[in-house]
């Protein structure tokens, strides 16, 4: 029953996204891997829809190092909060794969949201969802490094709907709040316990329940 309801909600969301893209006559643009989409403190004039690829949202610390706050998967919008507030971007975004996305100008976003309540409600849901993701990540900071890594691996599997995750170790360490030189020993331990399989830039999760147990997550 829950599965049918979830599938029905997904179909409704897909129709609303298609309606929004049609009404705004948006064109998709191609971005190469590691291209900046927008930078912190620049005007928030557009929201973005990711059709294909992956994007990371991050801030830069005092050492000019990236601190990733969340990832965006295909089929999702991002940059909504800054546009709604009508201010500058409070973070930056960059592709982590070759990516196809489109930008929706703020004036068109406001016009369509006013004229179509279903689109307005859907975009507010997107905003709420992204805020919850950030809160979930913040809540795990009290965990140990090993727990955090297991937690992040499960979160990434859920986010990208796959057990085979393509991610740079630098990004994984960053997102897990673990120093890069400490990451490999944890990954090796997970591999020895047959929780994951390592292959170049990919990490294949072989035992989700094992990682969930380490991360102290509710199944």
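Annotations
- Cβ crowding within 10 Å ranks 124, 11 as 11, 124, fewest other Cβ atoms first.
- Taking label points 7 Å from Cα along the Cα-to-Cβ direction, residue 73 and residue 213 give a separation of 2.5 nm.
- With neighbours defined as other Cβ atoms within 10 Å of a residue's Cβ, the residues 83, 72 order from fewest to most as 83, 72.
- The residue 124 and residue 19 beta-carbon pair, evaluated with R₀ = 22 Å, returns a calculated FRET efficiency of approximately 0.90.
- Likely footprinting exposure, 115, 35, fewest C-beta neighbours within 10 Å first: 115, 35
- P(r) tail, region 143-215: Cα-Cα pairs separated by more than 21 Å, 10% of all pairs.
- The label point for residue 40 and the one for residue 117, both projected 7 Å from the Cα toward the Cβ, are 4.0 nm apart.
- Gained length - residue 51 relative to residue 110, 0.36 nm times residue gap less alpha-carbon distance: 19.1 nm
- Full-extension gain in nm, residue 62 to residue 33, via 0.36 nm per residue minus C-alpha separation: 8.0 nm
Rule-based calculations on the coordinates, nothing more; no lab input. Just so you know, these numbers come straight off a predicted model, no measurement behind them. Methodologically, a virtual Cβ is constructed for each residue, glycine included, from the backbone with ideal geometry; neighbour enumeration extends over all protein chains shown.
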